[in-house]
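For reference, the structure discussed in these notes is given below.
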Amino acid sequence: MAAAGVWPTADEWMPLVHEALVKLWTTETDPSITEEHAALATVGLLALHRGIALHDVSDPALREGFEELRQEYTEWREWLANAPAHALSGYSAQLAGAAFGTTFERTDFRTELSWLLTRSALHDAVDELPGAQLDGHGAVRIEGHGKRKAVLATLDALRAFVDI
């Protein structure tokens, strides 16, 4: 229903997608459908992430809830990665559109899930900096700003990361 555009704004449908995903994740599943459960959980988390990213959802509780789910998923990474391709494509069919992006159903779900589960709060903070990238060694590189502005913006955005 969210993909069909039933609700006009992301603030109306994102909490519903999040709540459905939490219920799916916390409900015991019959062992005979564990592969389908893994596929639906994978598509659901990626849809939630895509929706948050595309619509710049500002609700801190929703962002926190997503991050909690993402952390829980990391413990089940192998199980999720083994979801059958036919189930992934079945659950993602017809989800392309304004809510999750026009190319959502063509997503490489295994690759996208792997990328999402290896990200940290540091990656998210760097993403908020215009022109910034985190290299493979943990260094933040910013292009297009003066050195002083880059240093100030980086320190401001990363002040919560005392171990950097």
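Readers should treat all values here as calculations from the given coordinates under stated rules, not as data from a laboratory. Here the structure is a predicted model, which is why all the values come from computation and not from measurement. When we count neighbours, we look across all protein chains shown, and the Cβ atoms used for this are built from the backbone with ideal geometry, even at glycine.
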Rounded, prolate or oblate (a/c below 1.5 giving rounded, otherwise prolate when a/b exceeds b/c) for the stretch 1-126 by Cα gyration tensor: rounded
Calculated [θ] (222 nm, deg cm²/dmol) that DSSP helices of n ≥ 4 give over the chain, each run adding -39,500 (n - 2.57): -18000 deg cm²/dmol
Pick from His137, His49, His123: which is most flexible by mean-square fluctuation in a GNM of the chain where alpha carbon atoms under 10 Å apart are linked? His137
May I ask you to derive the FRET efficiency for Asp135 and Ala85 from their Cβ-Cβ distance with R0 = 41 Å, giving the value to the nearest 0.05? 0.80
Residue with peak Gaussian network fluctuation, the chain [Cα springs, cutoff 10 Å], from Leu116, Leu48, Leu16: Leu16
Counted charge near Arg77, where neighbours are those whose Cβ lies closer than 14 Å (Asp, Glu -1; Lys, Arg +1): -1
